Amino acid sequence: MASGGGVEEVSNKQVILKDYVSGFPKESDMYLNASGTIKLKVPEGSNAVLVKNLYLSCDPYMRPRMKQPIPGNETYIEPFKPGSPIVGYGVAKVLDSGHPDFKKGDLIWGMTGWEEYSLITATQTLFKIHHTDVPLSYYTGLLGMPGMTAYAGFYEICSPKKGEHVFISAASGAVGQLVGQFAKQLGCYVVGSAGSKEKVDLLKNKFGFNEAFNYKEEPDLHAALKRYFPEGIDIYFENVGGKMLDAVILNMRAHGRIAVCGMISQYNLEHPEGVHNLMTVVWKRVRIEGFMVYEYYHLYPKFLELVLPYIKEGKITYVEDVAEGLESAPAALIRLFTGRNVGKQVVVVARE
């Protein structure tokens, strides 16, 4: 630990993306750089915030950010830069601030670096944490971006009504587990799909889904959905895409709604799979709408009003899959794409 001109300089371990990734990501596409350092002071005149990272979030949308950008085919979010630290949602403590809204000692959640300390210049992506009587790690999931995604996609896009039939794919993940519980609170019939017996048990016994099935054991997804939804599906919360979406379209009811949150089955493919049953959308008058969570962040206070009481009253259960230490972050991220994570994948960098 050196001190230059009265400003403390400390070592700063970082998880670096080695190069753009094609096909399935591997741990070796990232590496831990242990030789970096950082000054624990915001540069003079800057309105940045310097933070110590506590918890990092592993999320499926990070996979498309590892791809080499194709000119003319820009996505909604800029790709990571090879040779630089990975960026993602996290929970952190403010050590120094040049910004009027944040002061030393504040806890925040938002976009930060996969490193021990980060200098955050894009402060518009940060939220101050006011409620600390719940686990801080919840702000990477239930009370952070995934929670807001579940809330916006279900309530704002799907306009759900009591008694409707709701299907959620990748239902045990950070977003799916919440959508299911919101739907149950509203009095809907809820079915989820997941990729292991353990996850199916979790959906039925812990999250209170009416039914759940392991998609890997279903040779015919259309027949499986017919079995669980003999009268059809009103709302589909889409996390998977591909063959699952194709089968769901056939099982939608008239005026059904599909909120497209993500399509994890497509992220590692060089050529995305086609969807063949789209004509059904016409005669069933199905609405399919994609959405980006950041367009709904203005509803965050309203979201907290709904969810905080649910947590305190034990009406919402939340399952995390916790990896310890920054060095475990690459393996934790890869777990999302092999389906090995159970619940929300979190990396603990430091507990305080």
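The values are calculated or read from the model by the stated rules, or taken from the named source; none is laboratory data. What you see is a predicted model; the values in this text were computed from it and never measured. Every residue, glycine among them, receives a Cβ derived from its backbone with ideal geometry; neighbour counts consider all protein chains shown. The accessibility values were calculated without ligands, DNA or RNA, using every heavy atom of the protein model including side chains. Shrake-Rupley method; radii C 1.70, N 1.55, O 1.52, S 1.80 Å.
Compute the accessible area per residue over the stretch 12-64, keeping the other protein chains in place, probe 1.4 Å, unit Å².
Per-residue value: 44 Å².
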Tilt relative to the chain, helix 176-185 - C-alpha long axis, 0 to 90 degrees, to 10: 60 degrees
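What percent do you get for the relative contact order of the chain when only Cα pairs under 8 Å and 6+ apart count?
Numbers: 740 pairs, mean separation 60.2, N = 352.
About 17 percent, as a whole number.
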Hull surface over four for the Cα convex hull of the stretch 65-146, reported in nm², is 6.6 nm²
List, in order, the whole-Hz ³J(HN,Hα) value for each residue of the stretch 213-230 obtained from phi through the Karplus relation with A = 6.51, B = -1.76, C = 1.60 and θ = phi - 60°; use x for Gly and Pro. 9, 8, 4, 5, 9, 10, x, 10, 5, 4, 5, 4, 5, 4, 5, 7, 10, x
Sorting Gly314, Leu278, Phe303 by the position of each Cα along the dipole of the stretch 262-327 (Lys, Arg +1; Asp, Glu -1; all at Cβ), the one nearest the positive end of that ordering is Leu278
Which value, in Å², gives the accessible area per residue of the stretch 234-333 when a 1.4 Å probe is used on the protein heavy atoms? 48 Å²
Just reorder Tyr155, Tyr89, Tyr215 by solvent-accessible area, largest first, 1.4 Å probe, all chains present. Tyr215, Tyr155, Tyr89
Residue by residue through the stretch 28-42, which ³J(HN,Hα) values in whole Hz follow from phi under the Karplus form 6.51 cos²θ - 1.76 cosθ + 1.60 (θ = phi - 60°), with glycine and proline marked x? 6, 6, 10, 8, 8, 9, 9, 9, x, 9, 8, 7, 7, 8, 6
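Which percent of the accessible area of the chain is formed by carbon and sulfur heavy atoms (probe 1.4 angstrom)? Spell out each step's value before the answer.
Working: 8250 of 15700 Å².
Ligands and nucleic acids excluded, carbon and sulfur reach 53 percent.
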Cα centroids of the stretch 311-348 and the stretch 181-195: how far apart, whole angstrom? 21 Å
Relative contact order for the stretch 224-352: what is it in percent, counting Cα pairs under 8 Å that are at least 6 residues apart? 19 percent
When you count, for each residue, the other Cβ atoms within 10 Å and take the mean per peptide, how do 202-214, 13-25, 138-150 rank with the highest first? 138-150, 202-214, 13-25
Once amide H atoms are placed 1.01 Å from N in the peptide plane, what residues at a sequence separation of 5 or more from Met252, or on another chain, have their amide H within under 5 Å of its amide H? Ile233
The stretch 104-144 - accessible surface per residue (Å², probe 1.4 Å): 38 Å²
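When a/c reaches 1.5 or more, the comparison of a/b and b/c decides; with that in mind, is the stretch 146-211 rounded, prolate or oblate per its Cα gyration tensor?
Details: a/c = 2.15, a/b = 1.40, b/c = 1.54.
It is oblate, given that a/c is not under 1.5 and a/b is not larger than b/c.
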Using only alpha-carbon positions, what ratio does the radius of gyration of the stretch 204-352 give when scaled by 2.2 N^0.38 Å? 1.24
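From the protein chains alone at 1.4 Å, what is the descending order of accessible area for Ser172, Ser328, largest first? Don't skip to the end; give the middle numbers.
Details: Ser172 10, Ser328 30 Å².
Per-residue accessible area, sorted high to low, gives Ser328, Ser172.
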Per GNM of the chain with C-alpha springs under 10 angstrom, the most fluctuating residue out of Asp220, Asp96, Asp201 is Asp220
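Please sort 310-320, 233-243, 251-261, 272-282 by packing, taking for each peptide the average over its residues of neighbouring beta carbons within 10 angstrom, highest first.
On the way: 310-320: 15.5, 233-243: 23.2, 251-261: 21.1, 272-282: 12.5.
Highest mean packing first, the order is 233-243, 251-261, 310-320, 272-282.
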Where does the chain land on Rg(C-alpha)/(2.2 N^0.38 Å)? 1.03
For the stretch 107-249, report the translational diffusion coefficient in µm²/s to the nearest whole number, using Stokes-Einstein at 25 °C, 0.890 mPa s, and a Kirkwood Rh over Cα pairs. 149 µm²/s
With all protein chains present, calculate the accessible area of Cys188 using a 1.4 Å probe and round the result to the nearest 10 Å². 10 Å²
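For the stretch 6-90, report the convex hull volume of the alpha-carbon atoms normalised per residue, in Å³, without decimals. Could you put the intermediate results ahead of the total?
Numbers: hull volume 11.3 nm³, N = 85.
Value for the stretch 6-90: 133 Å³ per residue.
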